[in-house]
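So the structure is just underneath, and the comments pick up after that.
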Amino acid sequence: MVLAASLASVAAAIPCSRVSIGGVPRAVAEHDEDALTLAFAAALPLVDELGARPRALVVTSLSRPLEEGGLAQTLAECLGIAGDDLHIEEHTGTTAAGGAALVSAMALATSGLAPVLVVLTDCHRTIDGVRTGDGAVAAIVESGEGLLGKLELLGSHVQALSDVWRPMGAVDATAGDRSLTSFAEDYGVVPLGGQDRILAGTTSKPLPGIGSIGSGEVLLRPLLQLAKHSADPVDFGTRAGGLSYMFRLTPTDRAARAASVVAATAAAGVVATDLPRSAATPVRSYDSLARAWRDRASVLRLEGFRDVATGEILYPATDRGFETTRKPYTIARRGCVFACTTDHIFDEAPIEMVIAEMDDGAHFYAQVTPGAVVGIGDPVELVLRRLYVTDKGLPRYFWKLRPTTESMVELGGESCR
Amino acid sequence: MPISNEVAIIGTGVTPFGVHHDWSLTDLVGQAARAALDDAGLAPDQIEAAWLGVAEPTLTGLEGDSADPVVEALGRPGMPASRVSNYCITGMESVRHAAMAIASGEFDYVVAVGAEKMRDVLPKESLVAKTKLQTDPIFAKGRTAPGQFALRASRYLHEYGYSPETLAQVSVKNHRHAMANPDAHFRKEVTVEEVLAAPRIAEPLGLLDCTPTTDGAAAAVLTSRKRAESSGKPYAVIRGVGLATMAGYHQIHFRQWNDHLGFAATREASSRAYRQAGIESPLEEIDVLELHDCFTIAELLAYEDLGLVNPGEGGKLLETGETTHGGRLPTNVSGGLQACGHPVGATGARMVAEITRQVLGQAGERQVIGARTGVAHTLGGPGVHSCVFVVGSGA
């Protein structure tokens, strides 16, 4: 029996900066971004569009902020989808885990746990000390007919022990490390229209202008292909560490538009000469895991309260004892700069601070994203960023304000400053 | 009985403000308290209770985390003493708490002291470090004191069309005033050009738009008006006192009612104090004013929040010279926080002492001739608190 599900929606978060590393332009995230913030940026528009909580969340990353995991849990909190009835999986290991996550999402969707949010994300990943490229891809997988197309698992395979994981760029392939182009033949897959299969793996070439973004490549590569050839079914797969997965996407008419948005997001890079680095003095902050947990609603989900009588939005939340007069409220993510300053007190570089008036009237006080400059009246949007990592290794996330341009609004997804 | 018109200030003491590596916090407390007692003509054993305002005891190894330095400095074991802390209004809070104790009838003579020892460390290791190490782990990242007031400045300049030159004139005025105050941290005139050319701290504020980091202490001895009258000595009377607290330190930046063109706490506190004092037209009825000019923008906003002029007219009031010594309402004739410095726990007590001396005609070279009614105003945090005292001559 063939495992088949449907693809309902897709989105990508590809960092803006393009830095040439090893002669290849690669998308590199800012110092305050990580696999979680990219995952959130990719997944948020899908969750917003879904209008309901997904039944399952499947996350893959080779570069989780916390070594012992916790990415999926924090992502669920940020997206406001956490709960006892949400099935969560977290995959890692090699880039092939992206394929495993897709298989799992398809299986969950067809077994009744649809819709499934699958998020494939990597950031600050290196091979032999070299940054490979950063990015995240998210998709909603459902059962039955999907808006974007039918997704089939053509096969999965574990190779013999003679296989090796070959570092990026290595040329001394050992016996048994079969090329990706021969990989599809293992399954006896008949080529469709003579097209090459789109394969992501340790030996695949970096994506032009983006680099190798890790686990998200298994979805990003066919989407970029779909943006060019909208009507054709696409065979795609991934292979690493001896594990391999092969899929076929048979697109609908709407798939090309979605794929073109992803392609535009991926292409919207800005060439930079240096790797982004932290502009601010590292902090040794007041640090409490208990407090991080207690504050997660207001910090990670932007939840405050709205006074029933006056309509005033109260954020950060101070709700204890006001249950009858204040109702939970999530503040708007877009607004305009109301007041701003460039603060020079921090040693290494100035920090831009802003008070923004959001579209719903809420006020928000936050840093501006690295490198951005804003003035009073400029449109801005909230983006999740990592403020710092505590001495105990706990990443603390909060929101920063990033200039919003009209083109970004049109794209409707993750955008560049 | 109420505080208003029933509580008297009969003695004040202020240490020199500056960098005092040879004085501890307790030394500073003792100097100010003993000077105030001398001024009142009282011995330490006549003081029945004390309040000490210290905002940042973590800068001094927790010396000042309670009021024990007053007891130690005055040699009064057993005396009830309490510490108060309320951000930058802390010093004024010590006076307010002492006044409440007199008004309650519990004590006859009390002393209020405000003190801060900020320069055992470098300025960047002082309150700036607190921004990085001791504050809210999320909401405060990137927050600094000048940064928060700079946000107000950016909005004020944008809304009303003023330029940084107007802000600079506050610094020029107050530094000039400080030339007549031997206790000020900086006694050196500055020009508009120098203020504008100073290193940038938080746009549009530069170094000379900001109060320095300073050590200092101030004290006041309080009793009832009736007891002061019967002594036959000069005294001042608290005609009104208002305190307002608006929101949490971080929450206040997120509040929709916050127009960032002033401080609602000042409006509330001054309204209460004026009502008690019967003041209806502040610009006409106040003779001398000490206000919280921690940053130059704060003085312009305070003009408006204290009801001297309408919103947007603070800059014009300054530019007309009305608030310069010799003008219609001399403001910060001590040099203000701009030149005196801002030992956080001491400032409010210093202001009350300054206004008391002014209404008693004891302010020396900087005396505002004929001053009978004065106002002292402090602002705490990013406008979370404000406290306003109206002090009049008791004679």
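The values are calculated or read from the model by the stated rules, or taken from the named source; none is laboratory data. Just so it is clear, the model here is predicted, and its values are computed rather than measured. With ideal geometry, Cβ positions are generated from the backbone for all residues, glycine too; neighbour counts draw on all protein chains shown.
Some values worked out for this structure:
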quantity: Pair list, Cβ < 6 Å and 6+ apart or interchain, from the range B:191-220 residues that are surrounded by fewer than 18 Cβ atoms within 10 Å (Cβ to Cβ) to residues that are of a type in the set (A, V, I, L, M, F, W, C) and in a loop (DSSP other than H, G, I, E, B); calculated: B:Leu207/B:Ala198
quantity: Count of the range A:311-360 residues which are assigned to a strand (DSSP E or B), in contact with a Lys or Arg (Cβ under 6 Å, 6 or more places away or on another chain) and more than 9 Å from every other protein chain (Cβ to nearest Cβ); calculated: 2
quantity: Condition met for B:Lys173 (at pLDDT 95 or above, crowded, with 22+ Cβ neighbours inside 10 Å and assigned to a helix (DSSP H, G or I)); calculated: yes
quantity: Qualifying residue in the range A:345-361 (condition: under 27 Å from the mean Cα position of the chain (by Cα) and surrounded by fewer than 18 Cβ atoms within 10 Å (Cβ to Cβ)); calculated: yes
quantity: Of residues in the range B:136-169 being within 7 Å of chain A (Cβ to nearest Cβ) and of a type in the set (Ser, Thr, Tyr), the one surrounded by the fewest Cβ atoms within 10 Å (Cβ to Cβ); calculated: B:Thr144
quantity: Check on A:Glu381, surrounded by fewer than 23 Cβ atoms within 10 Å (Cβ to Cβ), assigned to a strand (DSSP E or B) and within 25 Å of the chain's Cα centre (by Cα); calculated: yes
quantity: Residue check for A:Leu302: among the hydrophobic types (A, V, I, L, M, F, W, C), at pLDDT below 95, crowded, with 20+ Cβ neighbours inside 10 Å and at positive phi; calculated: yes
quantity: Residue, surrounded by the fewest Cβ atoms within 10 Å (Cβ to Cβ), within the range B:249-264, restricted to residues that are out of contact with any Leu (no Cβ under 7 Å at 6 or more places or on another chain), over 17 Å from A:Thr310 (Cβ atoms) and at the interface with chain A (Cβ under 7 Å from one of its Cβ atoms); calculated: B:His250
quantity: Hits in the range A:361-372 (condition: facing another protein chain (nearest Cβ under 7 Å), within 28 Å of B:Leu207 (Cα to Cα) and assigned to a loop (DSSP other than H, G, I, E, B)); calculated: none
quantity: Checking B:Glu229 against (1) within 12 Å of another protein chain (Cβ to nearest Cβ); (2) surrounded by fewer than 23 Cβ atoms within 10 Å (Cβ to Cβ), the condition it does not meet; calculated: (1)
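So that you can scan it fast, the table gives a plain yes or no per residue for (1) assigned to a helix (DSSP H, G or I); (2) within 22 Å of B:Ile9 (Cα to Cα); (3) under 14 Å from the mean Cα position of the chain (by Cα):
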position	(1), (2), (3)
B:Leu318	yes, no, no
B:Thr323	no, no, no
B:Arg328	no, no, no
B:Thr347	yes, yes, yes
B:Val352	yes, yes, yes
B:Ile355	yes, yes, yes
B:Gly361	no, yes, no
B:His377	no, yes, yes
